[in-house]
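K.L.:
Here it is, the structure in full.
Coordinate-derived values only; no laboratory data. Predicted model, so just to flag it, every value in this text is computed and none were measured. A quick note on method: Cβ atoms are made from the backbone with ideal geometry, for glycine too, and the neighbour counts reach across all protein chains shown.
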Amino acid sequence: MDLTLKIWKQAGPNEKGNFVNFPISDISPDCSFLEMLDILNEQLVAKGDEPVAFDHDCREGICGMCSLYINGHPHGPDSAITTCQLHMRKFKDGDTIAIEPWRARPFPVLKDLIVDRSSFDEIIQAGGYVSINTLGSLPDANSIPIPKIYADLAMDAASCIGCGACVAACKNASAMLFVSAKISQFALLPQGKSEAKMRVQNMVAKMDELGFGNCTNTYACEAECPKEIKVTNIARMNREFFSAKVCAEKMD
Ligand code: SF4
Ligand code: FES
């Protein structure tokens with residue numbers, strides 16, 4: 001396949017960026033999208049030009065690092081996969097492919113296609129954990145019986161990889177799908193109950209403080225999420241939040 005890659009180039013966080021066209025030839029349809037970018041960078045380096053900066057780590061849909069906006073879609077035109085799982089057979093010979101970084105104020109561009117997603121880390125640090133006493137031996141896995149329906153829902157929520165596609169897809173740059181998945185994975189399990197009220201209030205406050213927008217129910221997040229996280233998690237987060245607020249007011 002012969003292609004034209006229209007790639008966002010930006011030297012640094014405070015520099016002005018622009019699209020640059022890179023022609024590329026003889027790309028196998030079986031090549032992954034990131035392998036195709038590797039080939040481009042090898043060719044650029046061989047010519048003495050600067051390679052295109054892009055993020056990746058696991059290349060198997062686990063780490064959430066490969067955050068590219070491809071032809072107007074986070075993680076490209078396929079559904080329920082990450083950019084690293086996308087293959088060139090999804091495109092046609094002669095195509096022009098537009099490749100951009102995530103666009104959201106809380107995800108500033110560091111260079112070219114790499115954005116800083118440490119705002120997600122800050123939200124997790126605000127409450128996305130369970131405090132446990134690690135002294136002593138592990139409890140038996142079956143010592144806390146959990147109904148299968150809750151175990152399955154918690155596992156589904158826990159499959160969020162923190163990629164940020166939900167924020168990139170949302171016109172409000174809302175992080176509610178991500179935050180609600182992280183809250184749900186604990187809210188559904190007995191181990192998460194003791195800190196539940198603190199968790200939801202602190203994580204939502206941090207999300208607002210960092211400049212993420214609100215949810216206006218367009219469901220673009222669910223449509224573009226590579227792990228098919230459901231917006232029902234947002235409804236659960238809202239219930240958790242109101243219940244925590246009501247309890248806090250009663251105690252005042
Ligand atoms: S909810 Fe989906 S799109 Fe958002 S961070 Fe998690 S995996 Fe990525
Ligand atoms: S590189 Fe890890 S999910 Fe794509």
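K.L.:
FRET efficiency for Lys6 and Glu60, Cβ-Cβ distance as r, R0 = 25 Å, nearest 0.05?
P.N.:
Using R0 = 25 Å, I get an efficiency of 0.40.
K.L.:
Moving on. What relative contact order, as a whole-number percentage, does region 3-110 give when Cα pairs under 8 Å and 6 or more residues apart are counted?
P.N.:
After rounding, I find 33 percent.
K.L.:
Additional query: Please compute the modelled spin-label separation between Glu195 and Cys247, points set 7 Å along Cα→Cβ, answer in nm with one decimal.
P.N.:
Calculated label separation equals 1.4 nm.
K.L.:
Right, here's the next one. I need the Kirkwood Rh of the chain: take the reciprocal of the average 1/r across all distinct C-alpha pairs and report it in angstrom.
P.N.:
19.8 Å
K.L.:
In region 156-204, which trypsin sites (Lys or Arg not before Pro) fall in coil by DSSP and have 14 or fewer other Cβ atoms within 10 Å?
P.N.:
Lys171, Lys193
K.L.:
In deg cm²/dmol, rounded to 500, what helix-only [θ] at 222 nm does the chain give when every DSSP H run of at least 4 residues adds -39500 (n - 2.57) and the total is split over its residues?
P.N.:
-10500 deg cm²/dmol
K.L.:
Could you list which residues have their amide H under 5 Å from that of Leu110, counting only those 5 or more apart in sequence or on another chain, with H placed in the peptide plane?
P.N.:
Long-range HN contacts for Leu110: Val115, Asp116.
K.L.:
In whole percent, what relative contact order does the chain give with Cα contacts below 8 Å and a gap of six or more residues?
P.N.:
Contact order relative to length: 19 percent.
K.L.:
Taking only C-alpha pairs under 8 Å that are 6+ residues apart, what is the relative contact order of region 92-206 in percent?
P.N.:
The normalised contact order for region 92-206 reaches 30 percent.
K.L.:
Between Asn14 and Ile132, what length comes free when the chain is fully extended (0.36 nm per residue of separation minus the Cα-Cα distance, one decimal in nm)?
P.N.:
38.3 nm
K.L.:
So, one more: What is the gain in length, in nm to one decimal, between Glu122 and Ile149 on full extension, counting 0.36 nm per residue of separation less the C-alpha to C-alpha distance?
P.N.:
Additional length available on full extension: 6.7 nm.
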